[in-house]
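Read the structure below first, then the notes.
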Amino acid sequence: MSSLPLITVSVAEYLENEKSSDVRHEYLAGQVYAMAGVSATHNIIAGNMFSRLRAHLRGGPCRVFISDMKVYIEAIDFFYCPDVVVTRDPQDTGDYFKTRPCLIIEVSSPSTAVTDRREKLLAYQKLDSLREYVLIAQDEVKVEFYARDREGHWWLHTLDPKGELRLKSVGLTMPIAEIYDDVSF
């Protein structure tokens, strides 16, 4: 039985290739992985979050980005492509990736939920700037909200489907129903 050599690429090669790629990729310490396409429901939910945050943050110090903006976690040399990312650090000025987000939102599918809850949660928690991480299910009305307290501990809150999402990092409260506007199950 033969095996194939493991090919690694540098961060510079990864970023240069991403500029001309039709497919988004994530980078995990030298390994590059193509991102799967998203469903219409996924796209609607991510769009709902982006548009609500963009309207709320317009004109202030925060910037909100959707899907193609990468987040770099230097401590582990990973680049992820979250669905929505917000940064308020004026020095976080990269054109293709951010390093100091305060809020990250992932819209989870049944095939990505475990990765979002484990691998990405642990990786994102290494970002000192991150205050909140939100997981939104696309196959049911379910929002999981991770928040860092003043002592640096992370707390999980599973929100009531008829309740509200309170994003302290950006000063926004919105009904869970608004996250799922135009989504049918």
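The values are calculated or read from the model by the stated rules, or taken from the named source; none is laboratory data. Since we're looking at a predicted model, the values are computed, not measured. Here the Cβ is made from the backbone with ideal geometry for all residues, glycine too, and neighbour counts use every protein chain on show. When the accessible area is computed, the model is the full protein with side chains, heavy atoms only, and any ligands, DNA or RNA have been set aside. Shrake-Rupley method; radii C 1.70, N 1.55, O 1.52, S 1.80 Å.
What to note about this one:
- Verdict on residue 99 being of a type in the set (Ser, Thr, Tyr), modelled with pLDDT of 95 or more, more than 30 Å from residue 161 (Cβ to Cβ) and buried (at least 17 other Cβ atoms within 10 Å of the Cβ): yes
- Yes/no for residue 170 being under 25 Å from residue 74 (Cβ atoms) and in a loop (DSSP other than H, G, I, E, B): yes
- One residue alone among 18, 13 is closer than 27 Å to residue 138 by Cα, open to solvent by 20 Å² or more (accessible area, probe 1.4 Å), acidic (Asp, Glu) and not in a loop (DSSP other than H, G, I, E, B), and that residue is 18.
- Of the residues contained in the stretch 145-154, one or more are found to be touching a residue at least 24 places away in the same chain (Cβ under 8 Å), over 19 Å from residue 56 (Cβ atoms) and not in a helix (DSSP H, G or I).
- Residue in the stretch 56-77 that is assigned to a helix (DSSP H, G or I) and surrounded by fewer than 20 Cβ atoms within 10 Å (Cβ to Cβ) present: yes
- Failed item, numbered, when residue 117 is tested on (1) in contact (Cβ under 8 Å) with a residue 24 or more places away in the chain; (2) of a type outside the set (Phe, Trp, Tyr); (3) part of a helix (DSSP H, G or I); (4) open to solvent by less than 60 Å² (accessible area, probe 1.4 Å): (4)
- Failed item in (1) within 16 Å of the chain's Cα centre (by Cα); (2) open to solvent by 10 Å² or more (accessible area, probe 1.4 Å), with residue 178 passing the rest: (1)
- Among the criteria (1) without any contact (Cβ under 8 Å) to a residue 40 or more places away in the chain; (2) open to solvent by 60 Å² or more (accessible area, probe 1.4 Å); (3) within 30 Å of residue 175 (Cβ to Cβ), the one residue 34 does not fulfil is (3).
- Of all residues in the stretch 132-164, those being over 18 Å from residue 41 (Cβ atoms) and in contact with a strand residue (DSSP E or B) (Cβ under 6 Å, 6 or more places away or on another chain) number 13.
- Among (1) open to solvent by 50 Å² or more (accessible area, probe 1.4 Å); (2) over 19 Å from residue 11 (Cα atoms); (3) not small (Gly, Ala, Ser), the one test that residue 130 misses: (1)
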